[in-house]
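All remarks here apply to the structure that follows.
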Amino acid sequence: NDIEYIYSEYFNKLEIIRFSSSLGKYVGYTELGVKNAERWNSDPSELARRKAEKERYCKLTVDID
């Protein structure tokens with residue numbers, strides 16, 4: 001439960017959007033990021049895909065590290 005998966009997108013060294021498995025949704029930090037966050041948060045398949053990344057990537061590799 002203490003593992004968090006974070007996916008961020010950057011443009012010109014500025015974070016525009018982030019998905020956090022703790023929140024279970026996207027958060028936008030710029031005008032473009034907010035618009036994309038609204039669009040992606042309304043798509044159940046996109047949210048399910050990102051939530052599955054925690055299981056697929058984080059939980060499988062935590063024992064290796």
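Remarks
- Entry note, the stretch 3-63: relative contact order of 27 percent, from Cα contacts under 8 Å with a spacing of 6+ residues.
- Carbon-plus-sulfur accessible fraction, the chain (probe radius 1.4 Å, protein heavy atoms only): 52%.
- Taking all pairs of distinct alpha-carbon atoms in the chain, Kirkwood radius in angstrom: 12.4 Å
- To the nearest ten degrees, helix 31-41 and the longest principal axis of the Cα atoms of the chain are 50 degrees apart.
- Label-to-label distance for D43 and S8 is 2.2 nm, based on points extended 7 Å past Cα in the beta-carbon direction.
- Heavy-atom accessible surface of the chain, averaged per residue, reaches 75 Å², computed with a 1.4 Å probe.
- Charge dipole magnitude, Cβ of K and R +1, D and E -1 - the stretch 6-63, Cα centre, debye nearest 20: 100 debye
- Over the chain: helical MRE at 222 nm, DSSP H runs n ≥ 4 each giving -39500 (n - 2.57), nearest 500: -9500 deg cm²/dmol
- Proximal charge balance of N41 [Cβ under 13 Å; K/R count +1, D/E count -1]: +4
- Cβ-based charge dipole, the chain, positive-most Cα from S45, Y10, S21: S45
The values are calculated or read from the model by the stated rules, or taken from the named source; none is laboratory data. Note that the structure is predicted; figures quoted are calculated from it, not measured. For neighbour counting, all protein chains shown are included, and Cβ atoms are generated from backbone atoms with ideal geometry for every residue, glycine included. To get the accessible areas, we keep the full protein, side chains included, count just its heavy atoms, and leave off ligands, DNA and RNA. Shrake-Rupley method; radii C 1.70, N 1.55, O 1.52, S 1.80 Å.
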